[in-house]
Amino acid sequence: MMTEKAEPRIGVFVCHCGHNIAGVVDVAKVVESAKSLPHVVLSTDHMFMCSDAGQQLIKDRIKEQKLNRVVVASCSPRMHEPTFRRVVEDAGLNRYLFDQVNIREHVSWCHMRQPKEATDKAIDLVRMSVARAAELESLPIKSVSVTPRTLVVGGGIAGLRASLDIADRGFEAVLVERMPELGGHVRKWTHLFPADESGEQIIAPLVRQAEHHKLVRVMKDSEVVEFGGYIGNFTAKIKNHKTGMVKEVDVGTVIVATGFEPFRPFGYYEYGQHPDIITLAELQEMTPRADLIRPSDGKKVKKLAFIGCVGSREAGKLGHEHCSRHCCSAVAKAAADLRDRVDEVVIMYQDIRTYGRGHEELHRLARSKLVIYSKFPKEKKPVVQIANGRIRITWYDVLSGDNLEYEPDLLVLASAMIPPADVAETSKMFSLTRSADGFFNPEHIKLAPLTTHTAGVMIAGAAQAAKNASESVVDASGAAAKAVGLMARGNVEIESTVSHVIPELCSSCHTCVTACPYGAIAMDTKKSPPVALVTEAKCKGCGTCAASCPSSAIIMYHSTDEQILTMVEAYLCPSTQTTGGVA
């Protein structure tokens with residue numbers, strides 16, 4: 001394998017990405033421009049660099065031209081940097097002697113109506129990448145051992161499924177639930193769609209299996225109060241609410257399945273002002289009986305009304321912009337079921353989104369049972385009034401163009417699914433980021449939907465976003481598979497592009513300790529005076545510490561000052577990048 005001390009021999013490979021790049025950027029011009037850059041001995045293009053043929057092209061040219069640096073100009077590194085790193089490694093190079101330029105998202109897609117300017121920008125970016133590539137150094141490939149045990153936080157349907165999947169594959173699972181009973185919200189629900197089963201029927205077998213499985217350690221009425229470590233080597237302190245005892249558990253992976261809370265829509269449609277105005281979640285938790293009973297007086301409900309999107313898909317102090325997704329299907333299912341027991345059912349809706357497999361059938365079923373659907377405009381929602389103990393709803397129907405009114409015996413509000421009240425504390429404890437709707441962010445919504453930016457920590461179920469029970473189960477099995485995959489290896493590689501402290505320059509100011517968003521830096525008290533020390537397995541290479549260090553005592557492997565400054569110089573002073581290809 002070539003080393004960083006060898007004279008750079010750089011190969012540039014430009015991808016067409018079908019028409020995604022070549023439809024805007026003049027690829028041939030970019031390739032020709034790169035040929036004149038210093039240390040470039042090869043510049044070529046291919047229709048799809050990420051394809052098997054494209055990958056083989058890179059391997060062949062590395063060996064034929066004795067390349068020791070590779071630059072690929074293609075799509076986002078988030079998609080194919082691991083692919084190309086593996087390619088150069090297979091050809092005998094260190095994976096860190098590769099650099100990728102994003103000329104799709106950063107060039108062709110955002111400048112699709114400016115082909116000349118887009119081509120000029122692509123040329124600039126390739127020139128900068130080539131300058132950086134000449135300064136790249138080989139970095140060692142590091143790994144850490146993995147404790148064969150998973151911490152599952154949350155004992156709802158997702159947490160139970162994840163724990164059992166892990167245990168069935170021969171690994172230990174520690175299931176922590178803060179409530180006295182397992183099962184979460186699903187256990188309370190009287191029926192789940194599309195199957196006509198109660199939540200208890202679905203959850204009870206999972207609870208029994210978890211509580212009797214020899215590899216599942218159930219800790220109810222408990223919560224994680226302290227968490228630290230890095231992938232493969234986490235330590236969690238778990239406190240029991242009843243006894244006050246704190247137990248310490250070493251785990252290798254974590255699955256966060258903390259679920260959701262149903263939004264209590266105070267301030268909407270007189271909720272809380274009348275006992276016969278309830279939420280969909282409260283309806284699902286009502287004791288099943290032959291007749292639907294009005295909470296206020298115990299009389300049979302004859303007229304039933306639903307209002308959709310309560311606190312969902314709207315901005316403002318009380319509202320939430322995200323769609324809670326399950327509501328439309330759940331309302332259709334509840335309305336169809338209850339239509340057999342009441343005289344009239346009216347559903348007032350803003351939009352209908354029965355998106356899931358078989359969900360449209362629920363909508364058709366409700367319509368076939370003469371459930372009345374009435375669409376109201378988003379800017380003019382129904383008005384609910386209470387007079388003489390009765391509920392009166394007035395609204396404008398978009399489809400008929402009429403102003404309508406209705407006096408139901410029971411009004412059900414399909415309210416939003418929102419993150420738990422302690423989501424901020426959970427986010428901080430496990431170093432998870434959150435989206436605008438407050439749920440946890442995955443590492444990548446398409447390519448890594450169950451892993452997070454904290455290596456070794458997965459998310460599952462409604463902890464990630466509003467979703468129904470069946471989707472949460474799918475998530476849980478996927479997250480469990482990810483955890484098992486890590487534990488089965490015994491050792492996992494960690495990123496080498498991390499920060500490094502030069503002890504002689506450290507002034508012990510603690511700036512980097514407070515600046516690090518991942519808690520990867522602490523003071524090494526074994527030295528006098530103490531100096532900053534980086535736990536490389538926790539470091540994400542973000543560079544925050546290096547940027548904030550007043551003593552310039554921190555360097556970033558793979559993003560050194562020299563590598564960054566040479567890119568800046570290549571952009572600002574292109575005339576200095578003269579022809580200098582190695583023969």
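The values are calculated or read from the model by the stated rules, or taken from the named source; none is laboratory data. Worth saying up front: this structure is predicted, and the values here are computed from it rather than measured. Every residue, glycine as well, gets a Cβ built from its backbone with ideal geometry; the counts of neighbours run over all protein chains shown.
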- Pick from segment 54-94 the residues that are in contact with a strand residue (DSSP E or B) (Cβ under 7 Å, 6 or more places away or on another chain) and of a type in the set (G, A, S): which of them is surrounded by the fewest Cβ atoms within 10 Å (Cβ to Cβ)? S76
- Being of a type in the set (D, E) and out of contact with any strand residue (DSSP E or B) (no Cβ under 7 Å at 6 or more places or on another chain) is the filter here, so list the residues in segment 499-555 that pass it. E504
- Evaluate the following for R178: is it free of Cβ contacts under 8 Å to residues at least 12 places away in the same chain, surrounded by fewer than 20 Cβ atoms within 10 Å (Cβ to Cβ) and in a loop (DSSP other than H, G, I, E, B)? no
- Item | The one condition in (1) buried (at least 17 other Cβ atoms within 10 Å of the Cβ); (2) in a loop (DSSP other than H, G, I, E, B) that A330 fails to fulfil | (2)
- Task: Quickly run through segment 184-231 and pick out the residues that are among the basic types (K, R) and at pLDDT 95 or above.
- Result: R208, K214, R217, K220
- Message: Among the residues of segment 201-215, what is the count of those that are surrounded by fewer than 15 Cβ atoms within 10 Å (Cβ to Cβ) and of a type outside the set (K, R)?
- Response: 5
- For segment 509-536, how many residues are under 30 Å from M128 (Cα atoms) and among the small types (G, A, S)? 1
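Can you give me the number of residues within segment 449-481 that are farther than 22 Å from P262 by Cβ and either in contact (Cβ under 8 Å) with a residue 40 or more places away in the chain or touching a Phe, Trp or Tyr at 6+ places or on another chain (Cβ under 8 Å) (or both)?
Restricting attention to segment 449-481, the residues satisfying the condition of being farther than 22 Å from P262 by Cβ are 449-458, 477-481.
Then keep just the ones that are either in contact (Cβ under 8 Å) with a residue 40 or more places away in the chain or touching a Phe, Trp or Tyr at 6+ places or on another chain (Cβ under 8 Å) (or both); that gives 452-458, 477, 479-481.
Adding up the residues that qualify gives 11.
Counting residues that are among the aliphatic types (A, V, I, L, M) and in contact (Cβ under 8 Å) with a residue 60 or more places away in the chain, which strands (runs of 3 or more DSSP E) fully inside segment 186-280 reach at least 2? It would help to see each step written out before you state the result.
Working: elements: 216-219, 222-230, 233-240, 246-251, 253-256, 277-279.
It comes to 233-240, 246-251, 253-256, 277-279.
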- Per-region count, segment 445-470, residues among the charged types (D, E, K, R) and either closer than 12 Å to M417 by Cβ or outside the structural domain of G154 (by TED's automatic domain parsing) (or both): 1
- Message: Being of a type in the set (S, T, N, Q) and closer than 24 Å to H185 by Cβ is the filter here; which residues of segment 209-258 pass it?
- Response: Q209, S222, N240, T258
- In this structure, is E81 acidic (D, E) and more than 25 Å from the chain's Cα centre (by Cα)? no
- Task: Give the residue, chosen from I502, I521, that is over 30 Å from G156 (Cβ atoms), in contact (Cβ under 8 Å) with a residue 40 or more places away in the chain and hydrophobic (A, V, I, L, M, F, W, C).
- Result: I502
- Odd one out for K66 among (1) within 24 Å of the chain's Cα centre (by Cα); (2) more than 20 Å from D124 (Cα to Cα); (3) among the basic types (K, R): (1)
- Query: Given S33, S43, S129, which one is closer than 22 Å to Q563 by Cβ, among the hydroxyl-bearing types (S, T, Y) and not in a helix (DSSP H, G or I)?
  - Reply: S43
- Item | Filter result (charged (D, E, K, R) and more than 13 Å from I391 (Cα to Cα)) within segment 295-319 | D297, K299, K300, K302, R313, E314, K317
- Right, S435: on the phi > 0 side of the Ramachandran plot and under 35 Å from the mean Cα position of the chain (by Cα) or not? no
